[in-house]
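Engineer: Below: one structure in C-alpha cells.
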Amino acid sequence: MSIRSTLVDRLFLPKSFDETTSSKPYDFIMPNGYGRNTYSNRETVTVVHRKRDELGDDIGMFEWLASEGFDPGKPNRSLAMMCDTECARTIPIIIGQWEVMYALWLENPIRYRRQIASFITIWPLKKNYLATRGFLLEAKRVADVRGLKTPLVIAHPKHIQRCFFLAEKIFGQARTTRCAFEERWYDPESIQWQTRGERFWLFYELCLARPYDLLHGWL
C-alpha cells in the first residue's frame, strides 16, 4: 500500500479501513452522493426541496429534473451503476441520496417504475443542506421505520472510508463494497469544488471533513 493510500484509508479514522469487509449480509443498499453539475448546495434546499414538496412524487420530480436539464455528474452516474450491479444480484431495497437515485432512474426509467417500492430517495431538507452525516441520519430514520438494520455503503472510492465509519457509528453495523479507482470518479464541472479532482478532495477530506467529524465525536 502506498503512503497516499495509507493516509486516505487511516488518517483520523477509528481503525484501518482494510479491516472492513463486505462479505457479511446486509438489509439494504445505501449510496452516498458525490458532487453534482447543476444546483448549488443552497439551491438544493430552495429549489429542489420546494419542487419535490410541490410534486409529492419521486418519479414526477425526476421527470421535472430531466426537463430542467439537471446533470448529476459522472461520479453519481458511476455510483448508480454500482447500485444496479448489486440489485441484479439480490434485488434489495435502496435508500439513497437523490442525485444517485436520479442517475439510477435515468439508466432505466421503466425498471425504476416497476421496482419503485424498493427505491427510497432521500431529498434535501427544508432548511438544511444534507452533507455526509446528515444524509446518513436521514437514511437511518427511514430504515428504522422499515425495520432495516444493516446498510451496504456505496460511495466514491476516496469517500467510502469516512462514509463507512460514520455509518457504522450511526447504524451500529455496516458493510462496504470496494471499486477500482478511475478518472470518471471526479468531474471538473461539479458545482462542489472539492469533488472536481483528487487534490481538491484529499485536501477537503483530510484537512477539513475528517478533523471536523472527529472533533464532534462522529468518527
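Engineer: Provide a single number: the residues in region 116-135 that are within 12 Å of the chain's Cα centre (by Cα) and more than 23 Å from residue 74 (Cβ to Cβ).
Structural biologist: Final tally of qualifying residues: 2.
Engineer: So, in region 36-56, of the ones that are hydroxyl-bearing (Ser, Thr, Tyr) and over 15 Å from residue 189 (Cα atoms), which residue ends up nearest to the chain's Cα centre (by Cα)? Spell out how you get there, then give the answer.
Structural biologist: So in region 36-56, the residues hydroxyl-bearing (Ser, Thr, Tyr) come out as 38-40, 44, 46.
Applying the additional criterion that residues be over 15 Å from residue 189 (Cα atoms) yields 44, 46.
Details: 44: 15, 46: 20 Å.
Among those that are hydroxyl-bearing (Ser, Thr, Tyr) and over 15 Å from residue 189 (Cα atoms), it is 44.
Engineer: Restricting region 169-219 to residues that are assigned to a loop (DSSP other than H, G, I, E, B) and in contact with a strand residue (DSSP E or B) (Cβ under 8 Å, 6 or more places away or on another chain), which is modelled with the lowest pLDDT?
Structural biologist: Keep residues of region 169-219 that are assigned to a loop (DSSP other than H, G, I, E, B), which gives 172-174, 177-182, 186-192, 196-197, 216-219.
Narrowing the set further to residues that are in contact with a strand residue (DSSP E or B) (Cβ under 8 Å, 6 or more places away or on another chain) leaves 174, 177.
Details: 174: 92, 177: 78.
Among residues in region 169-219 that are assigned to a loop (DSSP other than H, G, I, E, B) and in contact with a strand residue (DSSP E or B) (Cβ under 8 Å, 6 or more places away or on another chain), the one modelled with the lowest pLDDT is 177.
Engineer: Please determine whether any residue of region 185-203 is free of Cβ contacts under 8 Å to residues at least 24 places away in the same chain, farther than 16 Å from residue 162 by Cβ and of a type in the set (A, V, I, L, M, F, W, C).
Structural biologist: yes
Engineer: If you don't mind, another one. In region 187-203, what residues are within 26 Å of residue 168 (Cβ to Cβ), within 17 Å of the chain's Cα centre (by Cα) and not β-branched (Val, Ile, Thr)?
Structural biologist: 192, 194, 201
Engineer: Is region 113-124 home to any residue that is on the phi > 0 side of the Ramachandran plot and either of a type in the set (S, T, N, Q) or crowded, with 18+ Cβ neighbours inside 10 Å (or both)? Please lay out each step first, then the result.
Structural biologist: Here is the first cut: in region 113-124, the residues on the phi > 0 side of the Ramachandran plot are none.
No, the conditions are met nowhere in region 113-124.
Engineer: For residues that are closer than 13 Å to residue 32 by Cβ and of a type in the set (Ser, Thr, Tyr), scanning just region 147-182, find the one that is surrounded by the fewest Cβ atoms within 10 Å (Cβ to Cβ).
Structural biologist: 177
Engineer: Also, I was wondering about something else. Out of curiosity, is residue 30 of a type in the set (A, V, I, L, M, F, W, C) and either over 28 Å from residue 214 (Cα atoms) or at pLDDT below 85 (or both)? Give the derivation first.
Structural biologist: On the way: of a type in the set (A, V, I, L, M, F, W, C): yes; either over 28 Å from residue 214 (Cα atoms) or at pLDDT below 85 (or both): no.
It is false that residue 30 is of a type in the set (A, V, I, L, M, F, W, C) and either over 28 Å from residue 214 (Cα atoms) or at pLDDT below 85 (or both).
Engineer: Next question, about the same structure. How many residues does region 109-129 hold that are closer than 20 Å to residue 167 by Cβ and touching a residue at least 40 places away in the same chain (Cβ under 8 Å)?
Structural biologist: Counting residues in region 109-129 that are closer than 20 Å to residue 167 by Cβ and touching a residue at least 40 places away in the same chain (Cβ under 8 Å) gives 7.
The values are calculated or read from the model by the stated rules, or taken from the named source; none is laboratory data. Only a predicted model underlies this, so the values are computations on that prediction, with no experimental measurement involved. Backbone-built Cβ (ideal geometry, glycine too); neighbour counts: all protein chains shown.
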